[in-house]
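Data first, discussion second: the structure below is written as structure tokens.
The values are calculated or read from the model by the stated rules, or taken from the named source; none is laboratory data. Being a predicted model, the structure only gives us computed values, none of them experimental. Please note: Cβ atoms are built from the backbone with ideal geometry, for glycine as well, and neighbour counts cover all protein chains shown. Ligands, DNA and RNA are stripped out before the accessible areas are found, and what is left, the full protein with its side chains, is counted by its heavy atoms. Shrake-Rupley method; radii C 1.70, N 1.55, O 1.52, S 1.80 Å.
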Amino acid sequence: MLLFLGTMNYSRFLTAVSAARKPSPIRILTELQQRSPPSLISLAGGAPNPNTFPFQSATIQVKNGEAVVFDETTMKRALQYSGSYGIPELVSWMKELQRSLHNPPTANYSPETGQMEMCVTTGSQEGLCKVFEMLVNPGDNVLLDAPTYSGTLAALQPLGCNIINVPSDQYGMIPEGLRDILSRWDPSDARKPGSNLPRVLYTIPNGGNPTGASMTTERKQQVYELARKYDLLIIEDDPYYFLQFQKPWAPTFLSMDVDGRIIRTDSFSKILSSGLRIGFVTGPKPLVDRVVLHIQASTMHTSTFTQVTHHATYTPLLFHSLSLFHSLSLLLSLSRSFSLSPTLSLSLSLSLSLSVSIHIYVCVCVHKFVVNDEA
């Protein structure tokens with residue numbers, strides 16, 4: 001198989017609108033002000049005097065019993081404008097999270113060769129919409145799972161692209177089906193101006209919506225090889241990553257991205273709060289920077305209060321949420337071992353504490369085992 005060799009030419013993937021975006025001077029001033037001492041009084045960015053904000057403090061009670069207190073200084077910051085990439089401490093934590101979970105090869109690349117970059121978005125849906133706007137022109141051929149998430153179709157269809165459905169089964173996108181579709185073109189077409197060879201492939205690799213299918217490691221490797229052969233970008237939309245019950249978790253496309261051709265969208269909506277609207281985009285710096293230029297000109301930034309809240313509470317809340325999902329994994333494994341309905345384990349884990357649910361469930365399993373043995 002012919003594989004892509006050399007540095008990615010990211011400019012060939014950009015739409016005319018995205019390529020025309022320029023940095024917002026006001027947003028640049030905001031970034032500079034964030035790095036300035038508190039004593040600085042800036043009249044350039046139009047930031048209101050935080051002393052005029054009516055909210056003085058806030059206390060958030062966490063389910064593990066801890067309380068997160070926002071004093072007056074924190075509240076002033078949480079209610080003020082912030083940078084378009086996200087507040088620095090949250091972006092820094094998210095980068096460490098991605099390195100820990102995926103160990104992307106691009107983390108140590110130079111910026112021009114696709115160094116991993118990240119930005120905070122108002123839910124992963126905002127990130128997806130801005131990525132599509134950056135990459136998809138009217139008349140472009142776009143590859144995606146069939147069936148796929150209705151929100152993806154709602155974002156793509158108004159762009160006037162041609163959607164090419166790639167067949168899938170219970171293990172997600174079928175590489176052979178993708179290979180058959182791409183065989184209509186020669187890989188060299190990727191370097192020809194005006195070629196209608198698809199440049200973008202979109203997939204939900206874990207718990208695909210609406211099928212629930214999850215791609216195996218082997219299939220991801222085969223799809224990535226095809227992306228290298230035909231010089232495609234892969235949009236890895238993975239909002240259900242933290243809801244996997246099978247162990248070990250299959251490696252992500254991001255973890256095998258040696259070229260810098262993966263744009264990944266993540267979300268905390270399913271495990272912390274859907275209403276806080278916290279998502280994040282991970283990908284090659286030249287492309288994430290373009291997404292941020294769009295953010296600068298539209299939403300400007302995700303709610304600072306939401307970001308500060310998330311950063312202040314993510315450790316206890318994420319531990320609580322992941323503990324719940326780990327208990328679900330254990331209970332579902334037990335249900336398979338003893339041929340019990342997974343619904344029982346799901347209802348127990350959602351309604352009772354971890355220790356109580358496991359205790360009751362094990363008792364039920366043992367009872368069923370003894371009854372079956374006596375029979």
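Sorting 139-145, 100-106, 282-288 by their mean Cβ neighbour count within 10 Å, with the most densely packed peptide first, gives 282-288, 139-145, 100-106. Along the stretch 263-269 the Karplus relation, 6.51 cos²θ - 1.76 cosθ + 1.60 evaluated at θ = phi - 60°, assigns HN-Hα couplings of 10, 10, 10, 10, 8, 9, 4 Hz to successive residues, with x for each Gly and Pro. Cβ-Cβ distance of I164 and L32, R₀ of 56 Å, FRET efficiency by 1/(1 + (r/R0)^6): the value works out to about 0.80. Over 24 Å apart at the Cα level, from the set K220/K247; K192/K229; K63/K270; K95/K192; K63/K95; K130/K192, are K95/K192; K63/K95; K130/K192. Shape class for the stretch 90-228, computed from the alpha carbon gyration tensor (a ≥ b ≥ c): rounded, with a/c under 1.5. Across the stretch 40-164, the mean sequence separation of Cα contacts (distance under 8 Å, 6 or more residues apart), normalised by length, yields a relative contact order of 16 percent. Each of H310, H294 has its accessible area taken with a 1.4 Å probe; listed largest first, they run H294, H310.
Sequence-ordered 3J(HN,Hα) estimates for the stretch 213-229 from the Karplus curve with 6.51, -1.76 and 1.60 and θ = phi - 60° stand at 6, 10, 6, 7, 4, 4, 5, 4, 4, 5, 5, 5, 4, 5, 5, 5, 5 Hz, glycine and proline given as x.
Full extension of the chain segment joining T52 with T73 gains 6.3 nm, where the gain is 0.36 nm per residue of separation less the Cα-Cα distance. C161 contributes about 20 Å² of solvent-accessible surface, heavy atoms of the protein only, 1.4 Å probe. Phi-derived couplings, Karplus 6.51 cos²θ - 1.76 cosθ + 1.60 at θ = phi - 60°, listed residue by residue for the stretch 128-142: 4, 4, 6, 5, 4, 4, 6, 10, 10, 9, x, x, 5, 8, 10 Hz, with x used for Gly and Pro.
Find the percent of Cα-Cα distances in the stretch 29-114 that exceed 18 Å, and round it to a whole number. Every Cα pair in the stretch 29-114 considered, those over 18 Å come to 62 percent. Remark on G172: its backbone amide H falls under 5 Å from those of S214, a criterion applied only to residues 5 or more positions apart or on other chains, H modelled at 1.01 Å from N. Across the stretch 227-254, the residues whose backbone nitrogen lies under 16 Å from the label position 7 Å along the beta-carbon direction of R191 are 228-232.
In plain terms, the C-alpha convex hull of the stretch 56-101 casts an average shadow of 4.5 nm² when viewed from every direction.
Straight-distance candidates among the lysines for linking to K76, with alpha-carbon spacing under 18 Å and chain neighbours fewer than 8 residues away dropped, are absent. Under 16 Å of direct C-alpha separation, and excluding same-chain neighbours fewer than eight residues apart, K22 reaches these aspartates and glutamates: E31, E133, D289. Positive contributions from Lys and Arg (+1) and negative ones from Asp and Glu (-1), summed over other residues with Cβ under 11 Å from the Cβ of D237, come out at -3. Simple spin-label estimate for T299 and Y171 gives 3.6 nm between the two label positions (7 Å along the Cα-to-Cβ direction from each Cα).
The calculated FRET efficiency for the pair E89 and S39, based on their C-beta separation and a Förster distance of 30 Å, comes to about 0.90. Protection proxy ranking, highest mean first, for peptides 36-45, 194-203, 23-32: 194-203, 23-32, 36-45, where packing is the per-residue count of other beta-carbon atoms within 10 Å, averaged. The solvent-accessible area of F242, taken with every protein chain present and a 1.4 Å probe, is close to 20 Å². Heavy atoms of the protein chains alone define the surface here; on that basis the stretch 1-110 has 63 Å² accessible area per residue at 1.4 Å probe size.
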